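Below you'll find the structure, written out as structure tokens, and then a few comments.
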Amino acid sequence: MIRVVLTVLVAVALLAAVAPALEDARAATTVERLDTEVDRIERAVGDLTADSMSVADPALAARTTLTVRVPSGFGAAPVDGVALVEIGGVGEADSATERATTDAADAEAAADGATETGTAATVDDSEASVALRYRIDGGRERTVPIVPGVADAFVALDGGAIALRPGGESRLVLRLVDDGGPTVRIARIG
């Protein structure tokens, strides 16, 4: 009887010791997966502009669809309020964005008791006009700009912010239109 009680106590103590590390790993995995989704959107913008010409009529515009997946399940941290939003470009986040994690920031976040890992890694977002904005498990809000890269096009949202399904898939359509210059317009279709 005493062995069973001691075994249960040791198991509970081990679980309590490991739980914070599991939460940190889940948050880091979620950030990594969402950054990958931003990269996929950037590649889709580049592919669309590389092979197509912009036209004024959206019905005739070149288009492509893309499924964006917000991570869910045991390996992912809960994500609140994930959306594609329009940003102001330069000055939105002091021209720096949170695209990578560092050990120093992880240690600082752990010292502050924060549930989110990640820090500002400088990525030039001066060309960014659209970003993925989300919050992990009630932590601070993160904004990851969608930079068109080598694509000579502006990225815009049709009808304002596009809410994405937290913990699921959202289908987006990207259209290359001419709004005073090549513009990739993003809208949600599912």
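Couple of notes before you dig in:
- Residue match in region 57-71 (condition: farther than 20 Å from D152 by Cα, touching a helix residue (DSSP H, G or I) at 6+ places or on another chain (Cβ under 8 Å), modelled with pLDDT of 90 or more and surrounded by fewer than 17 Cβ atoms within 10 Å (Cβ to Cβ)): yes
- Any hit, region 169-186, residues being surrounded by 15 or more Cβ atoms within 10 Å (Cβ to Cβ), at pLDDT 50 or above and under 21 Å from T29 (Cβ atoms): yes
- Within region 163-180, residues that are farther than 25 Å from A61 by Cα have Cβ atoms under 7 Å from residues that are assigned to a strand (DSSP E or B) in these pairs: P166/V79; P166/D80; P166/V82; G167/V79, counting only partners at least 6 apart in sequence or on another chain.
- Residue in region 157-171 that is over 17 Å from T65 (Cα atoms), assigned to a loop (DSSP other than H, G, I, E, B) and acidic (D, E) present: no
- Residue among V18, V45 that alone is assigned to a helix (DSSP H, G or I) and free of Cβ contacts under 8 Å to residues at least 12 places away in the same chain: V18
- Filtering D103, D24, D35, D112 for residues that are at pLDDT below 90, acidic (D, E) and surrounded by 12 or more Cβ atoms within 10 Å (Cβ to Cβ) leaves a single hit, D24.
- Annotation note: Cβ proximity below 7 Å between a residue of region 137-154 that is buried (at least 16 other Cβ atoms within 10 Å of the Cβ) and a residue that is modelled with pLDDT under 80 and not in a loop (DSSP other than H, G, I, E, B) (sequence gap 6+ or interchain) occurs for R142/E98; T143/T97; V144/T97; V144/E98; V144/R99; P145/T97.
- Number of residues in region 159-173 that are under 19 Å from the mean Cα position of the chain (by Cα) and within 18 Å of I87 (Cβ to Cβ): the value is 6.
- For A187, the conditions (1) among the aliphatic types (A, V, I, L, M); (2) under 19 Å from L48 (Cβ atoms); (3) in contact (Cβ under 8 Å) with a residue 60 or more places away in the chain are fulfilled apart from (3).
- Evaluation of G81 against the conditions (1) more than 30 Å from S129 (Cβ to Cβ); (2) in contact with a Phe, Trp or Tyr (Cβ under 8 Å, 6 or more places away or on another chain); (3) small (G, A, S) shows that the sole unmet condition is (1).
- Filter pass, D80 being touching an Asp or Glu at 6+ places or on another chain (Cβ under 8 Å), part of a helix (DSSP H, G or I) and at pLDDT below 90: no
- Answer from G138, G149 - the residue that is under 16 Å from D39 (Cβ atoms) and in a loop (DSSP other than H, G, I, E, B): G149
The values are calculated or read from the model by the stated rules, or taken from the named source; none is laboratory data. Keep in mind it's a predicted model, so treat the numbers as computed, not measured. Cβ sites come from the backbone with ideal geometry, for glycine too, and all protein chains shown count toward neighbours.
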